[in-house]
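Values quoted throughout were computed directly from the atomic coordinates according to the rules given, and no laboratory measurement underlies them. Note that the coordinates shown come from a computational prediction; the quantities given were computed from them, not determined experimentally. All Cβ positions, even for glycine, are placed from backbone atoms using ideal geometry, and neighbour counts span all protein chains on display.
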């Protein structure tokens, strides 16, 4: 497993070791001991989530506030997405900065998203099966978000806006400057 810290402190890109042969492949998608050793973090994941989406579905940018904040380990099992994270940690050297990476069933990369980050993705393939681990339970009263087309963040989602399929809830999220943590 190769673990590299992104330009956002505490956010890691993870490439598992893949063992392939004529039958297919095997990989260890998560090992707590290895993860903790390679990142220097101690994260206890307590919930696994999965979503299935079609091309152009944009989910995000979402986060949980306060004691319900969540760290996530995200990956794509089928298809490809552009994964996006935004540092919301006031006082961080990268506050307001974002990082994007293509996660796919081909590259098998994973992204560790620390607490204090907003997270979202858009589906680049015809369909995508997206899975993620969380270190805290979801709490509806603590959810927050940032509008996907925020002018300050200026995220390149790699698709034309006309291709986006966005929930009503995500279409009315506040701008970055109006986010309350």
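Miscellaneous remarks
- Mean residue ellipticity (222 nm) of the chain, computed from DSSP H runs ≥ 4 via -39,500 (n - 2.57), nearest 500: -1500 deg cm²/dmol
- Given their separation in residues at 0.36 nm each and the Cα-Cα distance between them, residue 163 and residue 107 gain 17.8 nm when the chain is fully extended.
- Across all directions, the shadow cast by the convex hull of the stretch 45-178 built on its C-alpha atoms averages 7.8 square nanometres.
- Ordered by the count of other Cβ atoms within 10 Å of each Cβ, fewest first, 99, 138, 25, 132 give 25, 138, 99, 132.
- Segment residue 18-residue 90, length gained on full extension (0.36 nm per residue, minus Cα span): 22.2 nm
- Likely footprinting exposure, 22, 143, 177, fewest C-beta neighbours within 10 Å first: 22, 177, 143
- Once the chain from residue 154 to residue 171 is taken as fully extended at 0.36 nm per residue, the excess over their C-alpha distance is 4.5 nm.
- Inter-part distance, the stretch 100-130 to the stretch 40-92, computed on C-alpha centroids, equals 8 Å.
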